[in-house]
């Protein structure tokens, strides 16, 4: 689970400042998303194989680096879209109340963008959990070992167990992110209760 969530956290830490830059300078958005989409379109096994000479065969970086780029390809548009969803009237109101650019960003824009950013985080986390199993083909990947073991022995039980555990981990990660969204956006609960 750690090997699938580290890339999402790292990608989120990169996507937020990069998304802020892309929101401020719109010309930067298309080339940046273009690069991440090209990386996202590459098959994960091929990227894992290309990284083996650089990171080593059984090193976690061989799986973590590509999954970070895959997660970044999902998260960057989410951050930019979340910031773009902040109404201009809200920004102007915050400025009229004396908020400086940094305070407005931290206390107004980012909280409003949280639901969109966390929706992208949910997709990135579930995708990362499913893709990490492919790392077992190069000696990494945790639950992916069950798929390979069952396939090599023509014994379906490990395969079924691997599928069930992968789905459970994805549902658990999704639930944790939904809970985090509820904690970070208490106004949405109050609005739905009214």
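Quick look at the numbers
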{"read-out": "For peptides 47-55, 63-71, sequence by mean Cβ density within 10 Å, most packed first", "value": "63-71, 47-55"}
{"read-out": "Relative contact order [Cα under 8 Å, 6+ residues apart], the stretch 2-193, whole percent", "value": "24 percent"}
{"read-out": "Most to least packed among 170-178, 153-161 [average Cβ atoms within 10 Å]", "value": "170-178, 153-161"}
{"read-out": "Where labels lie 7 Å past Cα in the beta-carbon direction, separation of residue 95 and residue 161 in nm", "value": "6.0 nm"}
{"read-out": "Label-point gap, in nm, between residue 149 and residue 178 - each point 7 angstrom along Cα→Cβ", "value": "3.1 nm"}
{"read-out": "Simple spin-label estimate for residue 114 and residue 26 in nanometres, 7 Å along Cα-Cβ", "value": "2.8 nm"}
{"read-out": "Prolate/oblate/rounded call for the chain, Cα gyration tensor, a/c under 1.5 rounded", "value": "oblate"}
{"read-out": "Computed E for residue 42/residue 88 - FRET, C-beta separation, R0 41 angstrom, nearest 0.05", "value": "0.60"}
{"read-out": "Contour excess over end-to-end distance, with Cα ends at residue 106 and residue 52 and 0.36 nm allotted per residue", "value": "15.4 nm"}
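No value in this document is a laboratory result; all are computed from the given coordinates. Here the structure is a predicted model, which is why all the values come from computation and not from measurement. Please note: Cβ atoms are built from the backbone with ideal geometry, for glycine as well, and neighbour counts cover all protein chains shown.
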